[in-house]
Amino acid sequence: MIRTYNRPHYAQARTWYRFACWLRRTSCPQFHPHMMKEDALRASFGLRTKSFILPSRLQDCEAAGLARLAARAEAGDKYPELVARIAQVDPDDSTADEVHLFLEVADRTGTQTSKHLLGRLPPEDALWVAPLIRLESDAYGTGRVLRYHVTGGQETQVHVAISRAHEAAAAWLDWADDRKAWAEAHAVAEESPYAYRASYRDTVAPGASYGDFLYGTDAYGGSAASETDWRDE
């Protein structure tokens, strides 16, 4: 018999699955998270992680980014961490948004970093990652930050583990509950513009706007991230 208290992955997976089902029900009916959850549990146990992770493989990898990644691996960086940015492809189709992953390189002083594009998440992963990125990027700082670590790959294939998804999903669900309560308190009819309608891109508190900031930010700017071991989370 498996002692589940030694494996918090199941409870964490259920939290992420609640968020994924909400996303599918309200905005993305083509999204099917059940098998993704099961694959993630198998990958988590296979990697011997202490928390739930979701595996992915980058698409359209850049040769320059792959070369820098290979250099990091040769230098002994076993699980390089990546940073993510949203790329809006079609303003009228939020499900077409892409999530690009960058390899961050610090200068000799460690105070300045540059970002080098490595590749992008496949569309099925970008669907659920993008709303969580928007929440962690909002002006109120209410979101939990997702983390992306390279776990392997060869030539043009890069395998990535996405961790802390359950924390980010829990923050998103709390936000959605607060937003729904606020909307219901202000709605006078179901057709009211204040009535709650969850949407894929609707991850900002009422009255706030940060779209210009999010999409206008230089993807190659930023500061160095911490190097804590994601496998011990």
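Restricted to segment 8-37, and to residues there that are of a type in the set (Lys, Arg) and modelled with pLDDT of 90 or more, the residue that is farthest from PRO55 (Cα to Cα) is ARG18. If the condition is being in a helix (DSSP H, G or I) and in contact with a Phe, Trp or Tyr (Cβ under 7 Å, 6 or more places away or on another chain), then segment 17-39 contributes PHE19, ALA20, LEU23, ARG24, PRO33, LYS37. Filtering segment 76-99 to residues that are among the small types (Gly, Ala, Ser), open to solvent by 20 Å² or more (accessible area, probe 1.4 Å) and part of a strand (DSSP E or B) leaves only ALA87. In segment 50-66, which residues are surrounded by 12 or more Cβ atoms within 10 Å (Cβ to Cβ) and in a helix (DSSP H, G or I)? Residues satisfying the conditions are ALA64, GLY65, LEU66. Among residues of segment 100-131 being surrounded by 14 or more Cβ atoms within 10 Å (Cβ to Cβ), out of contact with any Phe, Trp or Tyr (no Cβ under 8 Å at 6 or more places or on another chain) and more than 18 Å from CYS61 (Cα to Cα), the one that is modelled with the highest pLDDT is VAL129. Looking only at residues of segment 136-147 that are closer than 20 Å to GLU104 by Cα and either among the hydrophobic types (A, V, I, L, M, F, W, C) or modelled with pLDDT of 95 or more (or both), we find that the one that is surrounded by the fewest Cβ atoms within 10 Å (Cβ to Cβ) is VAL145.
Restricting attention to segment 16-49 and to residues that are free of Cβ contacts under 8 Å to residues at least 40 places away in the same chain and hydroxyl-bearing (Ser, Thr, Tyr), the residue that is least open to solvent (accessible area, probe 1.4 Å) turns out to be SER44.
The values are calculated or read from the model by the stated rules, or taken from the named source; none is laboratory data. Just so it is clear, the structure is predicted and the values come from calculations on it, not from any experiment. Reconstructed Cβ throughout: ideal geometry from the backbone, glycine too, with neighbour counts over all protein chains shown. We work out accessible area using only protein heavy atoms, side chains counted, and drop any ligands, DNA or RNA first. Shrake-Rupley method; radii C 1.70, N 1.55, O 1.52, S 1.80 Å.
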